[in-house]
Amino acid sequence: MGVVVAACQIPVHLGSGDSAPLVAAVREAAGRGARLVVLPELAVCGYVFRDAAEARAAAQDLDGPTVSLLRELSRELGLVLVCGFAELAPDGPVHNSAVLVEDGQVRACYRKAHLWDRETQLFRAGDEPPPVVRTALGRVAVMICYDLEFPEWVRLAAEAGAEIVAVPVNWPLLPRPAGEHALEVVKARAAAGTYRVHVVVADRCGRERGVDWVGGSLVCASTGYLLAGPATAPDAVATRAVLTAQLDPAVARDKSLGPFNDARGDRRPDRYADAGALRGSGKPHSGPAGS
């Protein structure tokens, strides 16, 4: 049975606490039939903090206004929402986090494990694997931005039963050859196709302290082929977008690659472990030349 999902690419105004772009995008997505709506990383507070003190000042706990708003929208519109925010943890640290909210309840709060660039100076990395939540729509995993670029992290979610991987991101625009999509878009598609999970990415738009964004919001099927997006064409400026597409969570349970192969069953982890030990030992490779 299919479900409509949405990736909302919205502007974020650093330091303003302005939730209006988020609310407008969620309502638009719901009006177009979406039941799962994914919003960007740090979707209200902004990203390009000057220092740890500024990040801490923007952080909220799970009872703060951002999560409370998400709970209200979820309850009112009957949605599963996944959204990034700066979390002030009960024990004091600030995390780059994302919540999954369903029926007005926080079902999961995930703390980004792989911090990018200056994030290491602003946030404490999370230690827990991506949560996989059994929702009314299917099994939804949550990770954030740079996490998606680590195949092992996606594999953990897939092996825990994830059917849809929801990924709030802030992909900064980096130099690349003309006409090429950002490498982050390629990696998202590769993750979906490799582990046979649907992937929904919500990027952002709007310049922030001199930083531009890829605007690579997308919906990718478990085949690795796009159902919607990327929201921004190569060499174009990222603008607001609400992407919707229909996917079938149950399809992601099937890991077969035709009659003879299986994306999960064909793995040979015993051989990968041996290869890792060999590399770490400093011993020469004893396999055939060129292997």
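Laboratory data are not the source of any read-out in this text; all were calculated from the coordinates shown. Here the structure is a predicted model, which means the values were calculated and not measured. Glycine also receives a Cβ, built like all others from the backbone with ideal geometry; neighbour counts cover every protein chain displayed.
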- CD proxy at 222 nm, helix term only [per DSSP H run n ≥ 4: -39500 (n - 2.57); per residue of the chain; nearest 500]: -7000 deg cm²/dmol
- The FRET efficiency for ARG264 and ASP117, from their Cβ-Cβ distance with R0 = 41 Å and rounded to 0.05, is 0.80
- In Å, the Kirkwood estimate of hydrodynamic radius for segment 14-168 over Cα pairs equals 15.5 Å
- Message: How would segment 1-62 be classified by its alpha-carbon gyration tensor: rounded, prolate or oblate, with rounded meaning a/c under 1.5 and the a/b versus b/c comparison settling the rest?
- Response: prolate
- Given the candidates GLY179, GLY31, GLY92, the one whose Cα lies deepest towards the positive end of the charge dipole of the chain, counting +1 at each Lys or Arg C-beta and -1 at each Asp or Glu C-beta, is GLY179
- Task: Averaging sequence separations of C-alpha pairs under 8 Å and six or more residues apart, then dividing by the length of segment 130-197, give the relative contact order as a whole percent.
- Result: 34 percent
- Treat each spin label as a single point 7 Å out from the Cα along the C-beta direction, and report the GLN105 to ASP61 distance in nm. 2.1 nm
- Query: How do PHE150, PHE260 rank when sorted from fewest to most other Cβ atoms within 10 Å of their own Cβ?
  - Reply: PHE260, PHE150
- Task: Mind putting a number on the dipole of segment 170-213 about its Cα centre? Charges go on the C-beta only, +1 for Lys and Arg and -1 for Asp and Glu, and I need it in Debye to the nearest 20.
- Result: 100 debye
